[in-house]
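Please treat every number below as a calculation from the coordinates, not as lab data. Just so we're clear, the structure is a prediction, and the values are computed from it rather than from any experiment. Cβ coordinates were reconstructed from backbone atoms using ideal geometry, including for glycine residues, and neighbour counts include every protein chain displayed.
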Amino acid sequence: MQAVLQLRAARGFTRAQISQTLGITHAAVSKLEFRNDAYISSLRKFIDAIGGRLELSAVFPHGPVRILGLDGDDMVDLARKKVNTVCRLSPLNPAQGNFRNWFRVHSLSADEHTVNFEKDNGDLVEVPIRRIREYLPATDPKLATFVLDGRVQWHEDIQRWRFAE
């Protein structure tokens with residue numbers, strides 16, 4: 001994927017900068033740049049690191065069709081629609097205790113990579129879009145639920161709720 005190397009160079013980034021941003025080794029950046037095949041998620045992270053946004057399209061004779069859902073776009077659209085909606089997050093740890101699994105979709109980050117959920121005590125819990133596995137609509141009397149790859153847990157030492165991968 002020589003194009004990845006050319007993109008990085010054209011944007012003025014070094015391999016060292018990308019490796020630091022992504023939390024991977026210099027060799028891993030090089031491998032991504034010269035690989036003939038890569039995961040969409042790896043390519044998306046690389047493009048994000050150099051200030052871009054990856055969009056996937058299939059090109060047909062009648063024109064291009066944007067492919068949604070592989071990079072979290074469908075969840076971004078859903079999260080936008082659910083701002084100010086009360087919901088549950090699952091899994092939540094501890095799953096028992098004297099509290100309610102009650103959150104409000106507060107906002108999306110400016111780059112739309114993170115959804116901010118506000119706990120009923122005012123804590124903001126930041127969850128990466130790519131870590132939201134699915135959305136289960138509300139069923140009376142249950143609230144709608146965002147199912148996560150990871151968990152929201154109580155951190156006794158800082159007295160706050162946080163997302164953990």
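Past 29 Å, Cα to Cα, is the threshold; run 45/142; 81/142; 31/82 against it and keep the listed order.
45/142; 31/82
How high is the relative contact order of the chain, given as a whole-number percent (alpha carbon pairs under 8 Å, six or more residues apart)?
14 percent
Label the range 73-164 by shape, choosing from rounded, prolate and oblate, from the square roots a ≥ b ≥ c of the eigenvalues of the Cα gyration tensor; if a/c is under 1.5 it is rounded, and otherwise prolate applies when a/b is larger than b/c, oblate when it is not. Numbers along the way, then the final one.
On the way: a/c = 1.65, a/b = 1.24, b/c = 1.33.
It comes out oblate by the Cα gyration axes.
With a cut-off of 8 Å between alpha carbons and a minimum separation of six or more residues, what is the relative contact order of the range 1-81 in percent?
Reported as a whole number, the value is 23 percent.
For the range 2-54, rounded, prolate or oblate, judged on the Cα gyration tensor with a ≥ b ≥ c (square roots of eigenvalues), a/c < 1.5 rounded, else prolate if a/b > b/c?
Verdict is rounded for the range 2-54.
Taking other Cβ within 10 Å of each residue's Cβ, how do 46, 13, 60 sort, fewest first? Could the numbers behind the result be given before it?
Values: 46 24, 13 17, 60 8.
By the 10 Å Cβ count, ascending, the order reads 60, 13, 46.
Does the range 10-117 classify as rounded, prolate or oblate by the C-alpha gyration tensor (a ≥ b ≥ c root eigenvalues; a/c under 1.5 gives rounded; else a/b over b/c gives prolate, otherwise oblate)?
oblate
Return the whole-Å distance between the Cα centroid of the range 110-165 and the Cα centroid of the range 48-66.
The range 110-165 and the range 48-66 have Cα centres spaced 29 Å from each other.
Relative contact order (percent) for the range 73-164, with alpha-carbon contacts under 8 angstrom and 6 or more residues of separation?
27 percent
Pull up the cross-link candidates among the aspartates and glutamates for residue 119, meaning alpha carbon to alpha carbon under 18 Å and not fewer than 8 places away within one chain.
Within reach: 156, 157.
For residue 11 and residue 113 in the same chain, what is the full-extension length gain: residue separation times 0.36 nm, less their Cα-Cα distance, in nm?
That pair, residue 11 and residue 113, stretches by 34.6 nm at full extension.
Sum -39500 (n - 2.57) across every DSSP H segment of at least 4 residues in the chain, then divide by the residue count to get the 222 nm mean residue ellipticity, nearest 500.
Details: 5 runs with 46 residues, N = 165.
It comes out at -8000 deg cm²/dmol, rounded to the nearest 500.
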